[in-house]
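The values are calculated or read from the model by the stated rules, or taken from the named source; none is laboratory data. Given the structure is predicted, the values throughout are model-derived calculations rather than measurements. Note that each Cβ is placed from the backbone with ideal geometry, even for glycine, and that neighbours are counted across all protein chains shown. Heads up: the accessible areas ignore ligands, DNA and RNA and are worked out on the full protein's heavy atoms, side chains in. Shrake-Rupley method; radii C 1.70, N 1.55, O 1.52, S 1.80 Å.
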Amino acid sequence: MKAVHFGAGNIGRGFVGLLLHDAGYEVVFADVDAALIGRLQAADRYVVHEVGPGGRDRIVERFRAIDSAADAPGLVAELTTADVATTAVGPRVLRFIAPHLLDALRARPGDLPPLIVMACENAINATDLLRDEIAALAGAEEWPTLAHRAIFANTAVDRIVPGQPAETGLDVIVETFFEWAIERPPFGDAPPEIPGAHFVDDLAPYIERKLFTVNTGHAATAYLGHLLGYERISDALADAEVAAGVERALTETSALVVAKHGLDEAEQAAYRARILERFRNPELPDTVERVGRQPLRKLSRSERFIGPAAELVERGMPVAGLLDAVAAALRFDVAADAEAVDLQALLRSDAAPEVVREVTGIESGHPLFDPLVAIVAGAQADQRAR
Ligand SMILES: NC(=O)c1ccc[n+]([C@@H]2O[C@H](COP(=O)([O-])OP(=O)(O)OC[C@H]3O[C@@H](n4cnc5c(N)ncnc54)[C@H](O)[C@@H]3O)[C@@H](O)[C@H]2O)c1
Ligand SMILES: O=P(O)(O)OC[C@@H](O)[C@@H](O)[C@H](O)[C@H](O)CO
């Protein structure tokens, strides 16, 4: 069995690659980072170090690696005969993966079972986004002749894998916790065997609970922590002011997922508490800069703040905690982060209502529009005063 995995970064090596390896797949890592691919090609194993209570070392072997920028034909040849293709590259990179998958589906021999495609990104229905990119490239005439050569399944992945210190090489430090939920219906009666993953009939409650609890809480910790000068997530959450702000935002998103998906309120409260414990793990060297990365993506319409806030106000439910976190995100001024730089430039150049439309996708007339305009105007005033 062979799996091609796009993105040999933190979650690629520390989670998806590990679980596919443990499931018996030969993993072929595909990445555009030539130096990283060179190191993987030169190695015959790497270690995933789980830190925290019960953590142990896990060995990953039997992998190969291919430079997807330099060797597109080689990559397509690997994909053409693969059983599984996964991604962990970031939702906005999926469109660059699509041409490779399209070429592989065109070349796929008719006697092979469909290629299983699963995007493992922090985004709702990321695999559907990838499929739509491939279908658009193929066009309305060709796509129906190719679609049956792949099975597209959405997934929700959860494991905190921080940025890795250079001295650890290919080895990866991760937390012990992980969850990989995969939607079952696309597979009919025969889902693939991936011990460690679980198959669910309806992914929506899983992905929304994950994105709007883990990722909303994480990002709120990062942005509120950054404002107070913290570098590490665990230190930020130890601050009472940050912890209270995160708790306010998560109380709101919890109310939404409970109301929308009929989740048990006590179970959701326990889920939330477990997540905060994970963020506090002092052995996990995670930073506010990594967790707050790409603020424009994180402030977009269906993402971890605006997505739940829009649904909450539409239901007449409170959003003050989420709006405080958005206000902090607007002040995430980090020179090394291209999106943070663009966001600060936008705040300098555009009027507040324009910034709200461009960044959050919320239009005037929506009940969230005026509160967001006020928050943006506040961030602009702060920026001018700095
Ligand atoms: N790190 C985590 O804790 C975590 C947990 C769950 C989900 N995720 C999600 O996984 C995805 C990856 O996150 P990460 O933390 O591993 O990031 P990362 O930056 O460590 O890894 C991303 C990798 O993708 C590669 N890449 C970029 N463009 C590519 C392309 N066109 N083709 C092939 N490879 C390409 C990069 O070179 C990099 O090695 C994101 O969507 C993230 O939200 C991350
Ligand atoms: O990967 P992002 O940028 O969408 O979000 C940053 C972190 O919140 C995220 O990577 C978490 O560590 C992860 O989602 C935990 O499962």
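Among the residues of segment 67-92, count how many are among the aliphatic types (A, V, I, L, M) and touching a residue at least 60 places away in the same chain (Cβ under 8 Å).
Residues of segment 67-92 among the aliphatic types (A, V, I, L, M): 69-70, 72, 75-77, 79, 82, 84-85, 88-89.
Next, only the ones that are touching a residue at least 60 places away in the same chain (Cβ under 8 Å) stay: 75, 79, 82, 84-85, 88-89.
Of the residues in that region, 7 qualify.
Taking the criterion of being in contact with a Lys or Arg (Cβ under 9 Å, 6 or more places away or on another chain) and closer than 25 Å to Thr287 by Cβ, the residues of segment 9-35 that qualify are Asn10, Ile11, Gly14, Phe15, Leu18, Phe29. Close contacts from segment 28-55, counting a first residue that is without any contact (Cβ under 8 Å) to a residue 40 or more places away in the chain and a second that is assigned to a helix (DSSP H, G or I) and not β-branched (Val, Ile, Thr), with Cβ to Cβ under 6 Å and a gap of 6+ residues or different chains, come to Phe29/Leu40.
I'd like to know if segment 40-62 contains one or more residues that are near ligand 1 (Cβ under 10 Å from one of its atoms), over 18 Å from Asp83 (Cα atoms) and modelled with pLDDT of 95 or more.
No.
Could you tell me whether segment 154-169 includes any residue that is away from ligand 2 (no atom under 16 Å from the Cβ) and closer than 16 Å to His5 by Cα? No, segment 154-169 contains no residue that is away from ligand 2 (no atom under 16 Å from the Cβ) and closer than 16 Å to His5 by Cα. The single condition among (1) crowded, with 22+ Cβ neighbours inside 10 Å; (2) within 14 Å of ligand 1 (Cβ to nearest atom); (3) not in a helix (DSSP H, G or I) that Leu130 does not satisfy is (3). Within segment 215-226, one or more residues are open to solvent by less than 40 Å² (accessible area, probe 1.4 Å), in contact with a Leu (Cβ under 6 Å, 6 or more places away or on another chain) and of a type in the set (S, T, N, Q).
Each row is one residue, and each column tells you yes or no for (1) surrounded by 19 or more Cβ atoms within 10 Å (Cβ to Cβ); (2) more than 14 Å from ligand 2 (Cβ to nearest atom); (3) hydroxyl-bearing (Ser, Thr, Tyr).
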| position | (1), (2), (3) |
| --- | --- |
| Arg274 | no, no, no |
| Glu283 | no, yes, no |
| Thr287 | yes, no, yes |
| Gly292 | yes, no, no |
| Arg297 | no, no, no |
| Glu303 | yes, no, no |
| Gly307 | yes, no, no |
| Ala310 | yes, yes, no |
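Is it fair to say Arg248 is charged (D, E, K, R), open to solvent by 40 Å² or more (accessible area, probe 1.4 Å) and in contact with a Phe, Trp or Tyr (Cβ under 8 Å, 6 or more places away or on another chain)? So Arg248 fails the test. Checked across segment 282-293, the condition of being in a loop (DSSP other than H, G, I, E, B), of a type in the set (A, V, I, L, M) and more than 16 Å from ligand 1 (Cβ to nearest atom) holds for no residue.
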